[in-house]
Structure formats: structure tokens, C-alpha cells
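Asker: Take this structure first; my questions come after.
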Amino acid sequence: MTYSGDVTHGGPPAVRELDGLTISKLSVGPMDNNAYLLRCAGTGDQVLIDAANEAPRLLELIGDGGLAAVVTTHQHMDHWVALEEVVAKTGARALVHADDAAGLPIEAERLADGDTVAVGDCALEVIHIKGHTPGSIALLYRDPNGTPHLWTGDSLFPGGVGNTDKDPQRFAALIDDVEHKLFDKLPDDTWFYPGHGKDSTLGAERPALPQWKARGW
């Protein structure tokens, strides 16, 4: 079945099989958050991006394969409601950018821009994206046999960047980082997976960048 990235709350995960990595996308409530389970094809190691909510459903998705780590993309509560329970029941490491660590309910290892998170034989590059929160991050997988894959949390969505509460300084920081760290450095076929809703590609969104800048959100 072709992966579309379309998921509904309460529905089954959407599963994408890459040569080295399997991506499972699940919608959890009540705010229709996306949680992503990544599994290395070679080793079976698994990493969860955002233990957002509904710990029982996330634990069912994780299954018996164990969990190496949970990466939280940013400190907003809707992205970590299930974090404490998932970590307690799997023994996974909790990872978050240093600037958002104080916002989590448990102690977590600090990440910084340029770090890597291992998913077995695969690696995720940590990209610090300021603006939505001080320590928001995106995670980049450079598929050696295909297009790049990018998890953007709430920093980038189809149709615009994340919420900055109409703060012009925060918006300027966010649009600048999104433009220069993502759009300027990654090709149009980069597929990105946001914290809520549908996926997109950088190429599909790139023509709208001037409009996003002009409108200020």
C-alpha cells in the first residue's frame, strides 16, 4: 500500500518502508498529534519521535521490539503527555534540546544543534529551529538510497511555519531558521513529517516562502 501520511485519530498507523528504516505514523488525541516510530531494518532498534499522548496505543505500536529512545521535538505539553509512562515501561532514553529540557515532566538527556540520534544503523541529525519554542528541533534522516526525510515538530507544516503567538521577534527567528537551515540546505524532494496533520515536501512548500514572510505568521 502506498504511503500517503494520512492518519486519523483512533485509526491505524500509516507505515512507510525505506531500505534501511521503517516509519510508522500514528495520530493520538485529543489534539491530533502525530507520533512517529522509527525502526532500523538492519538491527530492529526503535526510536519514538514525540510520545504525545495515549501511552497504551504507543506501547502497542512499539510492541516487543524494545525502544532505544524517545525524542521530544519541543516542550509543549501536547507533545509529551505519554512520555513519562512510555519511558517507565520501556526503559528508553528521553532526549530533548537543552533549551526545552526544563519544560518536560522528567529528566532528559540534552541535545544540541548538529548532534546525531542513532536508530540502529541509521542516524538522525538534530537541527535546532528557534521560534516556536526556544529549543524546538527538526530531525533529518539522509536516506543513502533515496530522498531525505525530515521530522519538523511544530516548526514547519504544509502551508506555513508554526505558531509564534504574533510575536514578531519569535516569528523572525522561526522563518529565518526554517528558510536557512531547511529550505536552503535540503532538496525539493525532502519529505517532511510535522507534529500535526498531513505531510508535505519542501518543494511543494518552497514557492510560498515569500508569502509566509509577508503575512508574518
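The values are calculated or read from the model by the stated rules, or taken from the named source; none is laboratory data. Computed from a predicted model, the values in this text were never measured in an experiment. Note: ideal-geometry Cβ built from the backbone for every residue, glycine included; neighbour counts use all protein chains shown.
Asker: Looking at the range 108-127 only, could you name the residues that are under 22 Å from residue 185 (Cα atoms) and either surrounded by fewer than 21 Cβ atoms within 10 Å (Cβ to Cβ) or in contact with a Cys (Cβ under 8 Å, 6 or more places away or on another chain) (or both)? I'd like the intermediate steps shown before the answer.
Answerer: Going residue by residue through the range 108-127, those that are under 22 Å from residue 185 (Cα atoms) are 111-118, 122-127.
Hits for the range 108-127 are 112, 113, 114, 115, 116, 118, 122, 123, 125, 126.
Matching residues to (1) crowded, with 22+ Cβ neighbours inside 10 Å; (2) outside any helix (DSSP H, G or I); (3) of a type in the set (Ser, Thr, Tyr):
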position	(1), (2), (3)
73	yes, yes, yes
84	no, no, no
89	no, no, no
106	no, yes, no
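Residues are listed down the side, and each one gets a yes or a no for (1) surrounded by fewer than 19 Cβ atoms within 10 Å (Cβ to Cβ); (2) under 23 Å from residue 122 (Cα atoms):
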{"position": "143", "(1), (2)": "yes, yes"}
{"position": "181", "(1), (2)": "yes, yes"}
{"position": "185", "(1), (2)": "yes, yes"}
{"position": "191", "(1), (2)": "no, yes"}
{"position": "216", "(1), (2)": "yes, no"}
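Asker: Give me the strands (runs of 3 or more DSSP E) completely within the range 1-52, filtered to those with at least 1 residues that are at pLDDT 95 or above and in contact with an Asp or Glu (Cβ under 8 Å, 6 or more places away or on another chain), ordered by residue number. Break it down stepwise before answering.
Answerer: On the way: elements: 14-17, 21-28, 33-40, 46-49.
Output list reads 14-17, 21-28, 33-40.
Asker: Just the residues that are buried (at least 22 other Cβ atoms within 10 Å of the Cβ) and closer than 15 Å to residue 203 by Cβ, please, taken from the range 153-173. Outline the logic, then answer.
Answerer: Taking the range 153-173 and keeping what is buried (at least 22 other Cβ atoms within 10 Å of the Cβ), we get 153-156, 161-162, 171.
Passing the criteria: only 156.
Asker: Criterion first (crowded, with 19+ Cβ neighbours inside 10 Å and either farther than 22 Å from residue 129 by Cβ or polar (S, T, N, Q) (or both)) does residue 4 satisfy it? Please lay out each step first, then the result.
Answerer: Numbers: crowded, with 19+ Cβ neighbours inside 10 Å: no; either farther than 22 Å from residue 129 by Cβ or polar (S, T, N, Q) (or both): yes.
The answer is no for residue 4.
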